[in-house]
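Structure first, commentary second.
The values are calculated or read from the model by the stated rules, or taken from the named source; none is laboratory data. Because the structure is a prediction, the values reported are computed rather than measured. Every residue, glycine as well, gets a Cβ built from its backbone with ideal geometry; the counts of neighbours run over all protein chains shown.
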Ligand SMILES: [Zn+2]
């Protein structure tokens, strides 16, 4: 057996070392952008129309609203206007089922669900959202970020259902920006933006730009109060200003728009 030259050995060692570096060719975001940022808001809460739409119009941010049909039924005009203003309307299920350890979800606990029931409700939710807003959603956000049905040995993931029905399944309470070359679009991570100011998220934004990533932010109510589950208007204004500086290279677009781009590059 011939001994490998030292240089070749070095290459081999490098190749087997864990990759912590930025890839040599960054992911091709449109127009030479360095990272993608998507803002999403869940549940179809009234504050998203009352306080949200005006500040989004003022800042030019286009976002994704993940709605439950029963929550938006009474505000059809506003939700149609949101869709027509260029915001994405996504599916957030029919009943918002989560673990029954939340008392409010005990009667619709994921522990008691079956895949067949989930599938039927996803279908119905889509049709009702289309009836109310005029839009049939192509992306989905998992209620409570939970992806299972059943219990113990019969627990099943419903991620495959989402993968069949939707371009995107968005998670919740994530800690990481998505790597567009790797991410499973059926489990896109999302970082909370409720009850935070820009300073808290700047490191993640900058690191997303440095690594060519797709950072999805997720929130609930929109308002001026400092409360849990409320994305502050002051935060949205500061964020929009930060993201708008061209040298920083951020592409801001709804979840479905970015996912379309990611899917086309593969
Ligand atoms: Zn929700």
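One table, with the values for the structure above:
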quantity: Condition check for residue 145: in contact (Cβ under 8 Å) with a residue 24 or more places away in the chain and either in contact with a strand residue (DSSP E or B) (Cβ under 8 Å, 6 or more places away or on another chain) or away from the ligand (no atom under 15 Å from the Cβ) (or both); calculated: no
quantity: Hits in the range 177-194 - residues which are more than 10 Å from residue 217 (Cα to Cα), touching a helix residue (DSSP H, G or I) at 6+ places or on another chain (Cβ under 9 Å) and part of a loop (DSSP other than H, G, I, E, B); calculated: 179, 180, 181, 183, 184
quantity: Test: residue in the range 93-111 that is at pLDDT 95 or above, away from the ligand (no atom under 16 Å from the Cβ) and crowded, with 16+ Cβ neighbours inside 10 Å; calculated: yes
quantity: Residue ID - surrounded by the fewest Cβ atoms within 10 Å (Cβ to Cβ), chosen from residues in the range 27-57 that are within 13 Å of the ligand (Cβ to nearest atom) and more than 22 Å from residue 208 (Cβ to Cβ); calculated: 43
quantity: Enumeration of residues in the range 209-230 that are under 17 Å from the mean Cα position of the chain (by Cα) and surrounded by fewer than 19 Cβ atoms within 10 Å (Cβ to Cβ); calculated: 229
quantity: Which numbered condition residue 174 fails, given (1) in contact with a helix residue (DSSP H, G or I) (Cβ under 6 Å, 6 or more places away or on another chain); (2) outside any helix (DSSP H, G or I); (3) over 19 Å from residue 30 (Cα atoms); calculated: (1)
quantity: Test for residue 188: is it under 15 Å from the mean Cα position of the chain (by Cα), crowded, with 20+ Cβ neighbours inside 10 Å and within 16 Å of the ligand (Cβ to nearest atom); calculated: yes
quantity: Number of the condition not met by residue 120 [criteria: (1) more than 15 Å from the ligand (Cβ to nearest atom); (2) crowded, with 16+ Cβ neighbours inside 10 Å; (3) within 20 Å of residue 170 (Cα to Cα)]; calculated: (2)
quantity: Sole exception among (1) within 16 Å of the ligand (Cβ to nearest atom); (2) in contact (Cβ under 8 Å) with a residue 40 or more places away in the chain for residue 169, by number; calculated: (2)
quantity: Filtered residues of the range 58-92 (kept if within 14 Å of the ligand (Cβ to nearest atom) and under 15 Å from the mean Cα position of the chain (by Cα)); calculated: 64, 65, 66, 67, 90, 91, 92
